[in-house]
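*Asks:* This is the structure I have questions about; it appears just below.
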Amino acid sequence: MNKLLSIVVPCYNEEEVIGETMKRLNAFCAELTDLDVELIFIDDGSRDRTRALLRSFADEDARIRVVGFARNFGHQTAVTAGIDAARGDAVVLIDADLQDPPEVVHQMIAKWREGYDVVYGVRTERPGESAFKLATARAFYRVLNKLSDVPIPLDTGDFRLMSRHVVDSLVAMPERDRFVRGMVSWVGFKQTALPYRRAERFAGESKYPLRKMLKFATDGILSFSTKPLQMSIGLGMSAASLALAGILYALVLRIFTNQWVEGWTALMIAVLFIGGVQLICVGILGEYIGRIYNEVKHRPLYVVQEYIGYASHEGPARSRSPVVDRK
Ligand code: UDP
Ligand code: MG
């Protein structure tokens, strides 16, 4: 019996590209002679025709399954739902906008057959991205690696192939603020890099506005490091030492001179400085506490409105959704 490859494609308002993506993926799948394929599209609460298009693809092709979210839960959650649903011996994550060329997956499969459990794509070139995005991404991965306890490869995305061992390990991770590429590094097993040239988005706009990018970056850092907390202690300590010096200075002026009304500037600086440091530290603390609160609520990670394309005798491998309505 052939092994099964699951290809997971998160889609959010991708009506302009999804048809072309389907074509490219079909062509790719036709080249796979000794593997069976299942294509899992996650519609992350699109407001355009993405769901309808995906539904029509699923009607025509028994290998296609659609996980339709009840609202937009975000890219990392969509990827998670796809990993949960996948039945394959290996699972490939790929973006819907054709920035990750499906053809590269052949090389990933070859590495998997050599015995690797994770083959992650490393972007050698990223044409069509703004200088701002390139610079912030570069800085982000370097800062993340300084802070994180597990090394997370530089300049990778979620484009990767993972073996069943890795997928089962990811499924067993219940955390809510998910930074999938870091979680894959954390799992371990045999991992290897595969350099590839990242293409430009085929059509449409990026679905990652600055707001989502910031949330993504904080998730990456806060889920993989408690160093900001330790740094806030360091920051507090140095501010306190400075403050102590200031206090001594003020006392000396007060006791030994009669010029204490002066120094108002220094006073203001001290008050503002300490206030600022305190707010930063409280803010860092707050971020972690917010995450604890989020975890403690134990809400399901995502809500699926419908699972499309599943025959009556089978369903998604797993689901964290309270509603599992198969169509
Ligand atoms: N995406 C998603 N939910 C979101 C945002 C994005 O499922 O809330 C999907 C999107 O459809 C695409 C992938 O995640 O398949 C990557 O998004 P995008 O290409 O917009 O990000 P960029 O490449 O610009 O970083
Ligand atoms: Mg993209």
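All of the numbers you see were taken from the coordinates with simple rules; none came from a lab. Predicted model only: the values in this text are computed from it and were never measured. Neighbour counts are summed over all protein chains in view; Cβ atoms, including those assigned to glycine, are modelled from backbone coordinates with ideal geometry.
*Asks:* Can you pull out every residue in region 126-153 that is closer than 27 Å to residue 187 by Cα and not in a loop (DSSP other than H, G, I, E, B)? Quick ask: steps written out before the conclusion?
*Replies:* Looking only at region 126-153, we keep the residues that are closer than 27 Å to residue 187 by Cα, and these are 136-153.
Residues satisfying the conditions are 136, 137, 138, 139, 140, 141, 142, 143, 144, 145, 146, 147.
*Asks:* Look at residue 208 and say whether it is within 16 Å of ligand 2 (Cβ to nearest atom), at negative phi and out of contact with any Phe, Trp or Tyr (no Cβ under 6 Å at 6 or more places or on another chain).
*Replies:* Numbers: within 16 Å of ligand 2 (Cβ to nearest atom): yes; at negative phi: yes; out of contact with any Phe, Trp or Tyr (no Cβ under 6 Å at 6 or more places or on another chain): yes.
The answer is yes for residue 208.
*Asks:* For region 1-120, give me every one of the strands (runs of 3 or more DSSP E) that falls completely inside it and has 2 or more residues that are touching a Ser or Thr at 6+ places or on another chain (Cβ under 9 Å) and away from ligand 2 (no atom under 16 Å from the Cβ).
*Replies:* On the way: elements: 3-11, 35-43, 64-69, 90-93.
Correct list: 35-43, 64-69, 90-93.
*Asks:* Output the helices (runs of 4 or more DSSP H) that fall wholly within region 198-303 and possess 3 or more residues being under 22 Å from residue 12 (Cβ atoms), or say none. Break it down into steps so the answer makes sense when it comes.
*Replies:* Numbers: elements: 210-224, 227-256, 264-296.
Of the helices (runs of 4 or more DSSP H) lying wholly inside region 198-303, those with at least 3 residues that are under 22 Å from residue 12 (Cβ atoms) span 210-224.
*Asks:* Still on this structure, please answer the following. When only residues in region 5-36 that are touching a strand residue (DSSP E or B) at 6+ places or on another chain (Cβ under 6 Å) and free of Cβ contacts under 8 Å to residues at least 40 places away in the same chain count, which is farthest from ligand 1 (Cβ to nearest atom)?
*Replies:* Looking at residues that are touching a strand residue (DSSP E or B) at 6+ places or on another chain (Cβ under 6 Å) and free of Cβ contacts under 8 Å to residues at least 40 places away in the same chain, I get 36.
*Asks:* Tell me which of these residue 132 doesn't satisfy, since it passes every other one: (1) closer than 22 Å to residue 211 by Cβ; (2) touching a residue at least 12 places away in the same chain (Cβ under 8 Å); (3) within 16 Å of ligand 1 (Cβ to nearest atom).
*Replies:* (2)
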